[in-house]
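Shown next, in structure tokens, is the structure this report addresses.
Values quoted throughout were computed directly from the atomic coordinates according to the rules given, and no laboratory measurement underlies them. What you see is a predicted model; the values in this text were computed from it and never measured. Note: ideal-geometry Cβ built from the backbone for every residue, glycine included; neighbour counts use all protein chains shown.
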Amino acid sequence: MRRHRRPPEPAADPTSPGPSSALGDPFAAGLERLARAFALAGGLLLAGVVVMTVASVLGRYIFGVPIPGDYELTELACGIAVFAFFPHCHVTRGNVVVDFFTSRLSPRHRSALDALHGIAFTIMAGLVAWRLLVGAMRKLEDGETTLFLGIPIHAAYFAALIAAGLLAVVCVPVVHRHLRAVRR
Amino acid sequence: MTDTEFGALLFGVCLLLIGLRMPVAVAMFVVGGVGFASLAGWSAFLNLLNTAPFGRVSSYTLSVVPLFLLMGQLATRAGLSRLLFDAARACVGHRRGGLAVATIGGCAGFGAVCGSSLATAATMASVALPEMRRQGYSGALAAGTLAAGGTLGILFPPSIILVIYAVITEQSIGKLFLAALVPGVIAMLGYVAAITVCVRINPGAGPAAPSLPFAERLRSVGKVWPVVAIFVAVIGGIYLGVFTPTEAAAMGAAAIGLVALVSGRLRWRTFSASLLDTARTTGMIFLILIGAEIFNAFLALTQIPTALAEGLGASGLAPIVILLGILLVYLVLGCVMDSLAMILLTVPVFFPLVTGLDLGYTEEEIAIWFGVMALIVVEIGLITPPIGLNVYAINAMDRSLRLGESFRGTVPFLWSGFLLLAILLMVPEVCLWLAELA
């Protein structure tokens with residue numbers, strides 16, 4: 001499995017024991033690859049925003065016409081991209097953990113805490129995904145659209161929902177990984 | 001139990017969970033959610049969740065964060081750190097402690113295109129650390145310089161943490177960037193002074209490197225023009241109102257990407273690695289933002305900020321004492337907590353209190369001043385034990401460095417940081433005048 005880790009890890013806890021072992025079974029490894037693909041797609045979307053914004057700024061100053069609705073495109077694209085980033089961030093242990101008070105605990109105890117927090121994370125991710133679905137359905141009923149281009153808001157919600165769903169799903173092997181570490 | 005007491009209790013629970021290594025975002029989300037639901041009802045909480053997470057993440061102002069992160073990532077892969085370090089070394093490398101000074105110069109330059117302290121420290125370290133060690137620099141001086149130099153990444157605009165502060169306090173990103181610029185320059189000079197003192201006391205810590213011919217020096221310095229041009233265009237563009245901060249970030253990212261492309265370093269592999277690293281850091285920041293959104297919705301219900309402001313107002317303490325007290329809380333929290341989480345947890349509580357203080361400045365001036373001071377305290381927290389993230393990052397890159405040695409190396413730079421904080425406290429104009437020219 002490819003990793004893109006460099007020695008410094010923004011936000012990773014400083015005393016964590018190096019790169020994690022693979023999630024294990026092929027199902028988990030597949031999820032990990034999927035999360036990576038989502039992150040890459042989100043990154044390309046972000047790069048698209050860069051190109052669009054540059055074109056819009058140049059258009060505004062050289063030809064006097066910006067790209068219409070560039071702000072709302074940026075807003076929606078960034079929102080979708082950020083949701084697409086979450087699963088990859090979670091499976092690569094990118095989330096901020098304060099390790100100061102627990103660094104003296106045994107690895108097993110720490111893994112036990114991590115497993116508990118992993119369950120809380122799963123509940124959070126599930127809740128967010130569920131309510132995003134409800135929110136998306138409401139936006140669909142309302143028919144709310146963006147101001148200039150008339151892009152239906154629910155489209156962005158559904159796109160984010162797919163990523164939020166993946167986040168909730170990848171939570172499961174992450175918890176499993178911590179539980180395995182407890183048993184070891 | 002009143003709502004305010006309940007709020008204070010849950011605030012403590014949240015800190016406790018964070019201390020028990022619950023991911024910061026989850027702790028804020030869970031505690032905020034339980035608190036909000038018990039005050040306003042579960043259905044209100046579920047309704048909040050329909051739109052709050054996506055609404056928080058899909059914001060034009062906040063889109064500046066991933067864009068600046070992408071710009072920093074591309075700068076890292078474009079090898080700009082090497083160019084900057086070489087240019088600074090060509091100027092000062094032949095003096096005693098010169099490589100350390102060159103490292104600070106390189107960090108300042110890199111900080112001008114990168115909004116993160118850790119990324120600046122780590123990127124410069126990969127270039128400057130081997131050079132300094134080869135030249136016989138002591139581990140303490142080398143690691144201390146890099147850890148401290150990294151903090152210039154958040155003092156020099158663009159600065160991710162300042163963007164977040166600006167968004168949650170509804171201040172102008174451009175003004176805050178400008179406000180941090182002069183303190184950033186002072187910090188840089190302070191670091192150079194700290195290095196000078198170190199090598200005066202202990203000449204063996206930073207021996208002089210051989211001098212370069214003049215033509216060579218000129219050539220090295222000439223190579224950094226793209227960085228200078230991009231920084232001036234990005235920050236100048238925001239300053240003059242040519243474009244919004246988001247547009248500036250996009251222009252900067254595109255320009256750095258172009259530099260990387262021309263230098264032949266940007267292939268699909270490096271590009272996708274930049275995207276994935278951007279994704280990871282962005283995900284980390286925005287998940288905390290979602291947690292903070294829920295937590296703040298709860299805090300607003302408890303009216304803790306108002307209660308705190310009234311309580312302290314009635315206590316008869318001098319405003320400056322209250323301000324000092326808050327900064328002290330930040331210093332302590334900054335030593336054990338993640339900087340972003342600290343800002344997001346405390347600013348909603350402290351900000352109304354601080355801007356309400358009668359310090360002889362307008363509310364906006366206090367907001368800018370307080371933001372820059374909070375930034376400097378965060379910066380100090382990044383290089384102090386026990387969890388100075390920069391120090392850990394540098395230390396992990398060279399096996400011959402011992403952690404204690406690295407932390408000892410940051411001490412002179414800490415003094416410089418405290419001095420800067422004192423200057424700012426006494427003369428707020430240091431950060432205000434440039435911001436008010438805008």
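With respect to A:GLY150, is the statement that it is within 22 Å of B:GLY32 (Cβ to Cβ) and assigned to a loop (DSSP other than H, G, I, E, B) true?
In short, no.
All conditions but one from (1) more than 7 Å from chain B (Cβ to nearest Cβ); (2) closer than 22 Å to B:PHE45 by Cβ; (3) aliphatic (A, V, I, L, M); (4) crowded, with 16+ Cβ neighbours inside 10 Å apply to A:VAL169; the one that does not is (2). For the stretch B:382-436, the set of residues classified as under 17 Å from B:LEU146 (Cβ atoms), of a type outside the set (Asp, Glu) and in contact with a Leu (Cβ under 7 Å, 6 or more places away or on another chain) consists of B:LEU382, B:ILE383, B:THR384, B:GLY388, B:LEU389, B:ASN390, B:ALA393, B:ILE394, B:ASN395, B:MET397, B:GLY409, listed by residue number. When you check B:THR302 against the structure, is it more than 14 Å from chain A (Cβ to nearest Cβ), surrounded by fewer than 20 Cβ atoms within 10 Å (Cβ to Cβ) and in contact with a helix residue (DSSP H, G or I) (Cβ under 8 Å, 6 or more places away or on another chain), yes or no? Here the answer is no, as B:THR302 does not meet what is asked. Could you look through the stretch A:120-143, keep only residues that are β-branched (Val, Ile, Thr) and within 9 Å of another protein chain (Cβ to nearest Cβ), and pick out the one that is nearest to A:ARG183 (Cα to Cα)? Within the stretch A:120-143, the match that is nearest to A:ARG183 (Cα to Cα) is A:ILE123. Would you be able to say whether some residue in the stretch B:181-203 is away from every other protein chain (no Cβ under 14 Å) and under 30 Å from B:LEU299 (Cβ atoms)? Yes. The condition of being in contact (Cβ under 8 Å) with a residue 60 or more places away in the chain, crowded, with 17+ Cβ neighbours inside 10 Å and within 9 Å of chain B (Cβ to nearest Cβ) holds for A:ALA164. Taken together, the residues in the stretch B:23-40 that are buried (at least 21 other Cβ atoms within 10 Å of the Cβ), more than 7 Å from chain A (Cβ to nearest Cβ) and of a type in the set (Gly, Ala, Ser) amount to 4. Of the residues in the stretch A:81-119, how many are assigned to a helix (DSSP H, G or I), within 30 Å of B:PHE54 (Cα to Cα) and either of a type outside the set (Val, Ile, Thr) or within 7 Å of another protein chain (Cβ to nearest Cβ) (or both)? Of the residues in the stretch A:81-119, 16 are assigned to a helix (DSSP H, G or I), within 30 Å of B:PHE54 (Cα to Cα) and either of a type outside the set (Val, Ile, Thr) or within 7 Å of another protein chain (Cβ to nearest Cβ) (or both). Of all the criteria given as (1) in contact (Cβ under 8 Å) with a residue 24 or more places away in the chain; (2) assigned to a helix (DSSP H, G or I), the one not satisfied by B:ALA279 is (1). One residue alone among B:GLY311, B:GLY325, B:GLY316 is surrounded by fewer than 18 Cβ atoms within 10 Å (Cβ to Cβ), out of contact with any Ser or Thr (no Cβ under 8 Å at 6 or more places or on another chain) and not in a helix (DSSP H, G or I), and that residue is B:GLY316.
Going through B:ALA422, B:ALA374, B:ALA393 one at a time, which residue ends up being of a type in the set (Gly, Ala, Ser), facing another protein chain (nearest Cβ under 10 Å) and in a helix (DSSP H, G or I)?
B:ALA393
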